[in-house]
Amino acid sequence: MKDKEIFDLINLEYVRQSQHIEAIASENYVSNEVLKAQGSILTNKYAEGYPGARYYGGCEIIDQIETLAINRLKELFGAEHANVQPHSGSQANMAVYMSVLKPGDTVLGMSLSAGGHLTHGHHLNFSGNLYHF
């Protein structure tokens, strides 16, 4: 890397991540394979929309990649439909909570000051209004 200062800071962040457990869904640690894929030429391509119905041109290969991921997910779960496009950690947590909990249930979560997420029972979030943390 030509910019040693940036490279050193990236390495410091690597050390920080390797020495801590992160409970924020959107900051979950990915495998080396995912890091390699995200650091690939695909980083240069914006692909808003769905395969075959993008808002920008030049998405033919991206469409093939996303379709492959969709088909693998459908096969894995025996599903008719699948969406592999990422959303926020809040939406992911909400989906899990609403699939396994009832309003008023008690949940163990981490406070924001301890590294938790707003969806871990913060009073301004849906989770703090529906569940006991």
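Structure notes:
- Residue within region 63-80 that is more than 20 Å from the chain's Cα centre (by Cα), hydrophobic (A, V, I, L, M, F, W, C) and in a loop (DSSP other than H, G, I, E, B) present: yes
- Pairs with Cβ under 9 Å, 6+ apart, first in region 91-104 and touching a residue at least 24 places away in the same chain (Cβ under 8 Å), second assigned to a loop (DSSP other than H, G, I, E, B) and among the acidic types (D, E): Y97/D105
- Taking the numbered list (1) on the phi > 0 side of the Ramachandran plot; (2) out of contact with any Cys (no Cβ under 9 Å at 6 or more places or on another chain) in turn, R72 passes all entries but (1).
- Hits in region 1-60 (condition: among the aromatic types (F, W, Y), assigned to a loop (DSSP other than H, G, I, E, B) and within 30 Å of M110 (Cα to Cα)): Y29
- Some residue of region 34-44 being under 28 Å from R16 (Cβ atoms), out of contact with any His (no Cβ under 9 Å at 6 or more places or on another chain) and touching a residue at least 24 places away in the same chain (Cβ under 8 Å): no
- The residues listed here are Y97, Y50; of these, the one that is within 30 Å of S127 (Cβ to Cβ), assigned by TED's automatic domain parsing to the domain that holds N125 and under 20 Å from the mean Cα position of the chain (by Cα) is Y97.
- Hey, G116 in a loop (DSSP other than H, G, I, E, B) and either touching a Cys at 6+ places or on another chain (Cβ under 6 Å) or surrounded by 14 or more Cβ atoms within 10 Å (Cβ to Cβ) (or both) or not: yes
- Qualifying positions in region 16-39 - more than 18 Å from the chain's Cα centre (by Cα) and loosely packed, with under 10 Cβ neighbours inside 10 Å: S18, Q19
- The condition of being loosely packed, with under 15 Cβ neighbours inside 10 Å and under 27 Å from I21 (Cα atoms) does not hold for S90.
- Pairs with Cβ under 9 Å, 6+ apart, first in region 1-20 and closer than 17 Å to G115 by Cβ, second of a type in the set (S, T, Y): Q17/Y29; S18/Y29
The values are calculated or read from the model by the stated rules, or taken from the named source; none is laboratory data. Because the structure is predicted, anything quoted here is derived from the model rather than measured. All Cβ positions, even for glycine, are placed from backbone atoms using ideal geometry, and neighbour counts span all protein chains on display.
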